[in-house]
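One structure coming up, written as structure tokens, with questions to follow.
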Amino acid sequence: MNTPHTGRAYAAALGYTVIIGFSFMFVKMALIVSNPLDTLAHRFTLSFIAAALALLIARRRVPLHLKRLLVIVPLAIFYPFLFFTLQTFGLVYTSSAEAGIIHATVPIFTMLLASLFLKERSGWAQKLFTVLSVTGIISIFVLKGVSFEASSMLGIVLILLSALSNAIYSVMARKLTQKQPVLDITFIMTLIGFVLFNLMSVVQHAAQGTLMQYFDPFAHPSFVWAVLYLGVLSSLGTSLLSNYALSQLEASRMSIFNNLATVITIFGGVFFLNEQLAYYHFIGAGLVIIGVIGASFAGRSKRAAPTGLTPGESKST
């Protein structure tokens, strides 16, 4: 079924993709003057402030009672906490190219988990286009000449676990966003990320005796702009957009937009960082775009889970 809600869901997924695609450049800017844990702590501090302001403007009060927290906390553990933590430390031990290949498996993990736990039935056409999208990402890095080193095995495992965390989040959010308001879920996820990442950062500084240096990165204008983008758009904005998209679209269909984000990252580097394009970038990008468009339209009439539900509505047969 094609409804106005479906159209808005795809627009949200595309917005999520664009923000994530450009976020890599801002992460690189932030890490020039800050360590990974501090960057995560500061971005989620700003994300929490923005989420609180959004609630204030909307004149909405999130009931933080135990029952709701017990439902949403497991979601927040997988994303943002485990996803960002595993990804950050994984990149310490492996290259971004290796991480890109591994992260491309998210749609495959999501499709398998969604089939198992959500009973989402993906037709052969959707499976084919999803694999095509994954192949596009892998082909870029393989043709570029990436090779896996034994010394990076720990990093590979951590990045693989981060990809799995992303897939689990997509499956859990698909179900939860149809029962709970998207803004409430996003606020609680952001609150948990704010508490956990700041706690980890403060503990690290206390152990190193550098607690007075906690706010030093804000002395650099480039860090301020980078962490504003990462906190307000890349953390809060993408959580809102992905949670809304998952309230309307199957988890397996939404997950392939992750690979489109990698393509945007590559072309963003060309336009803003003067990086060079090679023939394999166009080949890979073409495969990804065909895969995303094909998987979005494949088998719409045979969806197991109807779209067009507003958050809080239950499915009916």
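The values are calculated or read from the model by the stated rules, or taken from the named source; none is laboratory data. Since we're looking at a predicted model, the values are computed, not measured. Cβ sites come from the backbone with ideal geometry, for glycine too, and all protein chains shown count toward neighbours. Note: areas computed on protein heavy atoms with side chains; ligands, DNA, RNA excluded. Shrake-Rupley method; radii C 1.70, N 1.55, O 1.52, S 1.80 Å.
Give me the extension gain from Ser222 to Ala58: residue separation times 0.36 nm, minus the current Cα-Cα distance, reported in nm with one decimal.
Stretched out fully, the Ser222 to Ala58 stretch lengthens by 55.9 nm.
Which three extents, in whole angstrom, do the alpha-carbon atoms of the range 1-142 cover along their principal axes, largest first?
45, 44, 27
Another question, if that's okay. Put Val106, Val232 in order of accessible area, largest first, 1.4 Å probe: what do you get?
Val232, Val106
Would you look at the GNM of the chain, springs on alpha carbons closer than 10 Å, and say which of Ser152, Ser133, Ser162 moves the most?
Highest fluctuation of the listed residues: Ser152.
Take each of the peptides 45-58, 270-283, average the number of other beta-carbon atoms within 10 Å over its residues, and list them starting from the highest. The partial results should precede the final answer.
On the way: 45-58: 16.7, 270-283: 11.1.
Listed from highest to lowest mean packing, they are 45-58, 270-283.
Additional query: Would you tell me the accessible area of Tyr79, worked out with a 1.4 angstrom probe on the heavy atoms of the protein chains, in Å² to the nearest 10?
The value for Tyr79 is about 10 Å².
What does the accessible area per residue of the chain come to in Å², with a 1.4 Å probe and no ligands, DNA or RNA counted?
Solvent-accessible surface per residue comes out at 47 Å².
Another question about this same structure. Assigning unit charges at the beta carbon (Lys, Arg +1; Asp, Glu -1) and nothing else, what dipole magnitude in debye, to the nearest 20, does the chain show about its Cα centre?
Approximately 1260 debye in magnitude.
Please name which of Ile32, Met200, Leu64 has its Cα lying farthest along the dipole of the chain towards the positive end, using unit charges on Cβ (Lys, Arg +1; Asp, Glu -1) and the Cα centre as origin.
Leu64
So how do Arg59, Arg174, Arg121 rank on accessible area, 1.4 Å probe, biggest first, that is with the largest at the start? Please report the intermediate quantities before stating the final value.
Working: Arg59 220, Arg174 5, Arg121 180 Å².
Largest accessible area first, the list is Arg59, Arg121, Arg174.
While we're on this one: Note down the nm distance, to one decimal, between modelled labels 7 Å out along Cα→Cβ at Val203 and at Leu273.
3.1
To continue, here is another question. With every protein chain in place, what's the accessible area of Leu233 (1.4 Å probe, Å², nearest 10)?
About 70 Å², ignoring ligands and nucleic acids.
Counting pairs of alpha carbon atoms under 8 Å apart in space and at least six apart in sequence, what relative contact order in percent does the chain give? Intermediate values should be presented prior to the final figure.
Details: 450 pairs, mean separation 129.8, N = 317.
Result for the chain is 41 percent.
Can you give me the % of accessible surface on the chain that is carbon or sulfur? Probe 1.4 Å, all protein chains present, nothing else counted. Before the final figure, lay out the partial values.
On the way: 10660 of 14810 Å².
Answer for the chain is 72 percent, counting heavy atoms of protein chains only.
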